[in-house]
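Trainee: Got a structure for you, questions after.
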Amino acid sequence: MASFTFRRQLTIEWGHCDPAGIVFNPRIFEFFDTSSWLLFEAALGVKAKELASTYNIVGIALVDARANFLKPIKFGDVIDIASRVSEFRRSSFDVEHRLSVSGALAVDGGESRVWAVRDENDPDKIATAPIPPEVIAKFE
C-alpha cells in the first residue's frame, strides 16, 4: 500500500454546478482525473505532459471510476481533495479520492488505472506494461 498523499484545495465555481447550485456529479469525476494526474506529477517530479516521454508510455489510462456522494458540494464551497494510490499491481493501480467540505467528508471515490503503452504488434492500439519499481517506490 502506498502512503504518499497529494492534497489540493478547489473553490467551487458556478460552472461546476447544476441549476440547483450543487456540483453536477460528472464534474466530480473531472476533479478525480485532474487529481490523479497531479498526484503522479507531485510524486514523480515530472510534469503530466512529460510523463509519456519520460517513461515511454501513452499515459495512465482510466479503466474504472466510482464515487459515493455523501454530502452536497455547493457553489462557493472550498473543497479539500486528498488523493493517493491505495494499491499497485503489475500493470494497474487504484487511486483513492476523498473530497471534504469544512472537514466533513462529502465524496469518497476512486479510480482504477493502467500503465498504458503502445501495442508492439499494432501501434494504433494500447496495451498495458509493468509499472517500473522506481515509479512505485516514489509513492512509498
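The values are calculated or read from the model by the stated rules, or taken from the named source; none is laboratory data. The structure presented is a predicted model; accordingly, all values stated were derived computationally and were not measured. Reconstructed Cβ throughout: ideal geometry from the backbone, glycine too, with neighbour counts over all protein chains shown. Accessible surface areas use protein heavy atoms only, side chains included; no ligands, DNA or RNA. Shrake-Rupley method; radii C 1.70, N 1.55, O 1.52, S 1.80 Å.
Trainee: Considering the range 72-95 alone, what residues qualify as being in contact with a Gly (Cβ under 8 Å, 6 or more places away or on another chain) and either crowded, with 18+ Cβ neighbours inside 10 Å or free of Cβ contacts under 8 Å to residues at least 12 places away in the same chain (or both)?
Mentor: VAL95
Trainee: Scan the range 96-116 for residues that are in contact (Cβ under 8 Å) with a residue 24 or more places away in the chain and open to solvent by less than 30 Å² (accessible area, probe 1.4 Å) and report the count.
Mentor: Number of matching residues: 13.
Trainee: With respect to SER3, is the statement that it is in a loop (DSSP other than H, G, I, E, B) and either surrounded by fewer than 16 Cβ atoms within 10 Å (Cβ to Cβ) or touching a strand residue (DSSP E or B) at 6+ places or on another chain (Cβ under 8 Å) (or both) true? Explain how you work it out, then say what you get.
Mentor: Details: in a loop (DSSP other than H, G, I, E, B): yes; either surrounded by fewer than 16 Cβ atoms within 10 Å (Cβ to Cβ) or touching a strand residue (DSSP E or B) at 6+ places or on another chain (Cβ under 8 Å) (or both): yes.
Considered against the rule, which asks whether it is in a loop (DSSP other than H, G, I, E, B) and either surrounded by fewer than 16 Cβ atoms within 10 Å (Cβ to Cβ) or touching a strand residue (DSSP E or B) at 6+ places or on another chain (Cβ under 8 Å) (or both), SER3 comes out as yes.
Trainee: Follow-up. Looking at (1) open to solvent by 30 Å² or more (accessible area, probe 1.4 Å); (2) hydrophobic (A, V, I, L, M, F, W, C); (3) part of a loop (DSSP other than H, G, I, E, B), which one does VAL46 not meet, given that it meets all the others?
Mentor: (1)
Trainee: Okay, moving on. Does the range 52-68 contain at least one residue that is free of Cβ contacts under 8 Å to residues at least 12 places away in the same chain, open to solvent by 80 Å² or more (accessible area, probe 1.4 Å) and either more than 26 Å from LYS125 (Cβ to Cβ) or more than 10 Å from the chain's Cα centre (by Cα) (or both)?
Mentor: So the first thing to find is which residues in the range 52-68 are free of Cβ contacts under 8 Å to residues at least 12 places away in the same chain, and the list is 52-54.
Restricting the remaining residues to those that are open to solvent by 80 Å² or more (accessible area, probe 1.4 Å) gives 53.
Those still in the list that are either more than 26 Å from LYS125 (Cβ to Cβ) or more than 10 Å from the chain's Cα centre (by Cα) (or both) too: 53.
Checked the range 52-68: at least one residue is free of Cβ contacts under 8 Å to residues at least 12 places away in the same chain, open to solvent by 80 Å² or more (accessible area, probe 1.4 Å) and either more than 26 Å from LYS125 (Cβ to Cβ) or more than 10 Å from the chain's Cα centre (by Cα) (or both).
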